[in-house]
Structures are given as structure tokens and as C-alpha cells.
1. Among the listed residues Arg159, Arg175, which satisfies the condition of being crowded, with 16+ Cβ neighbours inside 10 Å and assigned to a helix (DSSP H, G or I)?
2. Determine which single condition Glu217 fails, assuming it passes every other condition in (1) under 17 Å from Val291 (Cα atoms); (2) among the charged types (D, E, K, R); (3) modelled with pLDDT under 85.
3. Just one of Ala134, Ala127, Ala103, Ala113 is aliphatic (A, V, I, L, M), in contact (Cβ under 8 Å) with a residue 60 or more places away in the chain, within 16 Å of the ligand (Cβ to nearest atom) and surrounded by fewer than 17 Cβ atoms within 10 Å (Cβ to Cβ); which is it?
4. For region 249-265, give me the residue count where each residue is more than 27 Å from the chain's Cα centre (by Cα) and either closer than 12 Å to Leu289 by Cβ or touching a residue at least 12 places away in the same chain (Cβ under 8 Å) (or both).
5. Taking region 1-47, which residues are at pLDDT 95 or above and among the β-branched types (Val, Ile, Thr)?
6. In this structure, does Ala143 turn out to be under 20 Å from Ala28 (Cβ atoms) and within 16 Å of the ligand (Cβ to nearest atom)?
7. What do you reckon, is Asp39 within 29 Å of Leu264 (Cα to Cα) and within 16 Å of the ligand (Cβ to nearest atom)?
8. If Phe198 satisfies every condition in (1) loosely packed, with under 14 Cβ neighbours inside 10 Å; (2) within 16 Å of the ligand (Cβ to nearest atom) but one, which is the exception?
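The values are calculated or read from the model by the stated rules, or taken from the named source; none is laboratory data. Computed from a prediction, not measured in an experiment: that's the story for all the values here. With ideal geometry, Cβ positions are generated from the backbone for all residues, glycine too; neighbour counts draw on all protein chains shown.
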Amino acid sequence: MHRRALLTLPALALPGLASAQTRPVAVASFSILGDLLRDLAGERMEVRVIAGPDVDAHHFQPRPSHAEAVRGARLVLRNGAGFDNWFNRLIASSGFAGVNVMATEGITLRRAAPTPGHNHGSQDPHAWQDVRLAIAYLRNIEAGLVRADAGGEAEYRARAASHAARLAALDAWVRAEIARVPEARRIVITSHDAFAYFGAAYGVRFLAPQGVGLQSEPSAQQVANLIRQIRAQNITAVFMENMANPATLRRLAEEAGVTVRGRLYADALSPADGPAATYEAMIRHNVGLMVAAMQG
Ligand code: ZN
């Protein structure tokens, strides 16, 4: 009885399932872009993400199944600025022929601080950490969706406008939160140089033992310099990052005699049940932790 009911259920009660299977596919290179894309695409497209939550997208190694996910897609979305070059290769190898959107298109990128032994890419790709630049991302995604699916234009424009308004409010909130911290105390130490855009936008200094990428190990000299700085300036805001190896940071904090104040989400969202499951949640989580830690 029960079994029969289940068997007949799809045709009767789940008409959405059939249409879900035929929706056009849009693919984002990594989780933060996937969140923005998913919100703007609404129900009109099936959104897939290649480098998922807590995954380092700097040095991602796609598998054949990832090329399969891109094949036949209507739209692909990447960050650019050297962050997700592997996604370009994936797109090329999959025979993709749809709309290709680069989220940083039109954004004036910062130059990456030079790091010894780490010379690939001269641009800093982490523009999403400045909420105003995430609004620029939204505009690029909106334009791409309209190109890929003109029939959904009104819906994409409405969703983008609403999302951009939320991010403008979020940007104002970040400014108000940072303003609570005395200027001299606005220093944060993290695993790698992911927060230069955040720092420039909101007036916080970030120091990191690792450079813009995550592969290079800091030299003993770099670590010693940071420890000296932590002590001299009484820096209390020291953080791990979700997708970086915490060993260097733990050692640094131990030697400097400070406590690691938690985990910032830099280049990837958390899983759905974590504290940074969306871009907006990520910014709120990071700022909440930073402000508390900078205050001492
Ligand atoms: Zn990074």
C-alpha cells in the first residue's frame, strides 16, 4: 500500500521534479560565487559549484566529473585575477559554448604583495572581501544571466536589485562595527593575504605569515618578525582561516603568547550548517569575530 503510493507520487505530486531536470545549468568555480549566482538565478537555473565549502580554490585540482558538470552548461562564472585559472582549463576541456562570466570584470584590482618564493600572479584576486566590490560581482552576474536567458531578464534584474540593496546595508553595518574599534587597535593577523580589499575598504591592517596563495611556507624570518610585531603592538586579533592549514598560525600564536580567536572564512564558505553558509553570513561572522578580538 505504502509502496504503491510512493511509486505513483512523482507523477502526481512532484511536477517540479521534471522541470528541475530540464532547467539550464549554471556553474560557478567556487562556493562564494556559487552563493551569489544561486540567489540571482532563483528557480530558473540549476546552479552547480565546483570548489565547494571549506575548499581552497587557489590550487584546486578538477576531476573528470567536474568537466562533466560544466559540459552543456548555459553559463559559467569564475572570479578571474589568477584565482581560478584551473576553471578556465576545465571550461576549455569540456567543450563549453555558453556565456562565460568573470566576476571581477571591470573592477580595478589591487596588486598582490610580493611574497618570497610565491610569484605566480601579480594581482590580488580576493576582491569579494570588500562588500562594495561584491555588489560589482552581482552586476556582472546579472548581466551574464540576462545574456544566457533573456526570458528571465525581469526576474534577474529584480533579484539583483534586491540583493545589491542588502549588500549596501551590509557594507554600512561593517563600517559601523569597525568604527567601534579604536584606530590603533585595528590590526588582524590571519593565515594568508586574503583580506587586503577588506582592509583597504574598512580601515583594518592585516598581517599574514603566508602570501596571497596558500602553497608557500613562510620563512622563519617572516614568522619571527610577526611575533615581534604581535608583542610590540599588543595585537590580540589572531585568526585561522577555514581552508588554510592551521599549523603555522597555531605555532605563531603559541610563540607570541596570544590566543587564536577563531576561524575567519576567507576564500570559501562553510557547509550549510556552519556559520558562513552564505556570503552575507560570512561577512557578518568574520566582522563579528574581528571586532571582538581587536577590542582585546
Ligand atoms: Zn586566498
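1. It is Arg159.
2. Going through the list (1) under 17 Å from Val291 (Cα atoms); (2) among the charged types (D, E, K, R); (3) modelled with pLDDT under 85, Glu217 breaks only (1).
3. Going through Ala134, Ala127, Ala103, Ala113 in turn, just one is aliphatic (A, V, I, L, M), in contact (Cβ under 8 Å) with a residue 60 or more places away in the chain, within 16 Å of the ligand (Cβ to nearest atom) and surrounded by fewer than 17 Cβ atoms within 10 Å (Cβ to Cβ): Ala113.
4. 4
5. Val25, Val27, Ile32, Val47
6. no
7. Spelling it out, it is not the case that Asp39 is within 29 Å of Leu264 (Cα to Cα) and within 16 Å of the ligand (Cβ to nearest atom).
8. Against the list (1) loosely packed, with under 14 Cβ neighbours inside 10 Å; (2) within 16 Å of the ligand (Cβ to nearest atom), Phe198 comes up short only on (1).
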